[in-house]
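Read the structure below first, then the notes.
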Amino acid sequence: MSRARADEEEYWHSSKFRAFTFDDEDDELSQLKESKRAVNSLRDIVDDDDDDDDLERVSWSGEPVGSISWSIKETASSSTSSLEGRDSSLQKGSSSYAAFPKQVSSYSLSSLFKGRNKLPSFQSLSDALSDTGVKNYAPELRRPKAEYKDYSSDWSPKDTVRRMQRGKVCSLERFRSLQDKLVLLDEAVAGHDGNVITAVLIFLKRTLRREILFRELEVRQVALCHLIHFLKETGEQKLLLDLLRLCFFSLPLQLSQYREHLNIQDVEKRREFLKGCIGLPFSTEDTSHIQDHYTLLERQIIIEANDRHLEMAGQSEIFRKYPRKASILNMPLVTTLFYSCFYHYTEAEGTFSSPTNLKKTFKIPDKQYVLTALAARAKLRAWDDVDALFTTKNWLGYTKKKAPIGFHRVVEILQRNSAPVQVLQEYVRLVEDVETRLNLATKYKCHDVVIETYRDLKDRIQLTAYKCKVERGSAEEEKIISILNNTVRN
């Protein structure tokens, strides 16, 4: 027994092959393949029927299992062996295991690898590692090959859309030709899945020229609406404007796009957006309005920058006396005109902030201009400017007052701005309709106008009745008495 043990130890010590270890740094698959070869080779030298209880257990290095020298050598072998040495030793060891005679050893797999007595589950473990084919392979650890079909197989457009609807990852890069891409888009639309349609549109937007994409979408209204909504959500305004410009759309869709400027807070971005809207296929009248909107915002940006500088520097008396309450940016045309008449009424026509420049640029009607200018100058109590606003000269040089809005409206505006009675009376006298003139004069207590009107009408009854409405001993009462006395004498 001792002789057999000595021969066996001599064999193991004299072997030129290094023992296999499980500390290999290769990936899991290569480790399992190498260990599988070792197991298949060891099966030829392991005899499950032999009883090894009376044998001393040994490791592959020949040292008794559990001894100090065995532990040191096993630790050093696993920590200092290189990848190249392990590969060569495994290759050589696997080729020499088959040459071992079966009767050389009867140790179990557990006694050889773990240093313990053999376990009854050795046969089941070897069966699990063995394969039914001629060659033996380790179990597959990577993703099953069938699942790689989601990425690389030649799916048809219909199958691709169907898998996308189920949440499968599918690569669309295989669809290279225009025809395949359009078939894919049609299948996505037919599937009535908005997420799939949007995903396909993103792929087409990235791989097709925009002219080709817009041309094909023009006959695919469902996909077109999806793309428009997607571009709105992502804020790609330039591409959206190009899409609306090149394709034919109904007027509501164009107006919907134009209204998007309300959501743009930055004034420069809004100006660029409006500039892009000018080229949309609107009607001639609507295009003119959009052009005016763009021009107005551009003008407001210039006025705002200049007035903010003047206000902060304190160089203008009107800004010191009447500080601005709000910015002029994004204000309507009428508000801009009022602002200009309030702060820049006397400026020359050549400046952007001049009221006459605004009137000429935007073709503001005379009625609108007079109403706005009157409200602005009356608020400042600039009565000379109000008077000049209605004073005209004829070709003979004679002056007269003329109002395109009617003097009754002038009186109302002046009264709202607390005009003096003398100013009100001047414009009440200019009201042509007698009944309207009397009503306004009575309402705003323009006594002189009422008295003069009844005098011209020679209505003694009304004049006598009105005498009771004025203050006793006032100039108006004396005037009424004088008129009544003169009438009696005549």
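The values are calculated or read from the model by the stated rules, or taken from the named source; none is laboratory data. Bear in mind that the values here come from a model prediction, so they are computed numbers and not experimental data. Using ideal geometry, Cβ is built from the backbone for each residue, glycine included, and neighbour counts are taken over all protein chains shown. What goes into the accessible areas is simple: the full protein's heavy atoms, side chains included, and nothing from ligands, DNA or RNA. Shrake-Rupley method; radii C 1.70, N 1.55, O 1.52, S 1.80 Å.
General remarks:
- Per this entry, residue 430 is counted among residues that are open to solvent by 10 Å² or more (accessible area, probe 1.4 Å) and touching a strand residue (DSSP E or B) at 6+ places or on another chain (Cβ under 7 Å).
- The helices (runs of 4 or more DSSP H) found entirely in region 378-476 that carry 3 or more residues being over 26 Å from residue 339 (Cβ atoms) and of a type in the set (S, T, N, Q) are 434-443.
- Within region 335-360, tally of residues that are within 17 Å of residue 293 (Cα to Cα) and loosely packed, with under 15 Cβ neighbours inside 10 Å: 2
- Being modelled with pLDDT of 95 or more, in the same structural domain as residue 297 (by the TED database) and touching a Phe, Trp or Tyr at 6+ places or on another chain (Cβ under 9 Å) is not true of residue 310.
- So residue 423, is it over 50 Å from the mean Cα position of the chain (by Cα) and open to solvent by less than 60 Å² (accessible area, probe 1.4 Å): yes
- Pair list, Cβ < 7 Å and 6+ apart or interchain, from region 350-376 residues that are farther than 19 Å from residue 405 by Cβ to residues that are acidic (Asp, Glu): 353/347; 354/347; 357/349
- Counting the residues of region 296-310 that are of a type in the set (Asp, Glu) and either open to solvent by 60 Å² or more (accessible area, probe 1.4 Å) or in contact with a strand residue (DSSP E or B) (Cβ under 8 Å, 6 or more places away or on another chain) (or both) gives 1.
Conditions tested, residue by residue: (1) within 25 Å of residue 427 (Cβ to Cβ); (2) loosely packed, with under 15 Cβ neighbours inside 10 Å.
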residue	(1), (2)
451	yes, no
468	no, yes
471	yes, yes
485	no, yes
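- Filter pass, residue 475 being under 25 Å from residue 415 (Cα atoms) and at pLDDT below 90: yes
- Taken over region 277-295, residues that are crowded, with 19+ Cβ neighbours inside 10 Å and either farther than 14 Å from residue 333 by Cβ or more than 26 Å from the chain's Cα centre (by Cα) (or both) amount to 1.
- Selection from region 393-420 of residues that are among the β-branched types (Val, Ile, Thr) and surrounded by fewer than 11 Cβ atoms within 10 Å (Cβ to Cβ): 399
- The condition (being in the same structural domain as residue 377 (by the TED database), modelled with pLDDT of 90 or more and not aliphatic (A, V, I, L, M)) is satisfied by just one residue among 429, 455: 429.
- Helices (runs of 4 or more DSSP H) fully within region 158-217 counting 3 or more residues that are loosely packed, with under 13 Cβ neighbours inside 10 Å and outside the structural domain of residue 242 (by the TED database): none
- Residue within region 322-334 that is free of Cβ contacts under 8 Å to residues at least 12 places away in the same chain, within 28 Å of residue 424 (Cα to Cα) and exposed (fewer than 14 other Cβ atoms within 10 Å of the Cβ) present: no
- Selection within region 453-466 - open to solvent by 40 Å² or more (accessible area, probe 1.4 Å) and touching a residue at least 12 places away in the same chain (Cβ under 8 Å): 455, 457, 458, 460, 464
- Complete set of residues in region 218-227 that are part of a helix (DSSP H, G or I) and free of Cβ contacts under 8 Å to residues at least 24 places away in the same chain: 221, 224, 225
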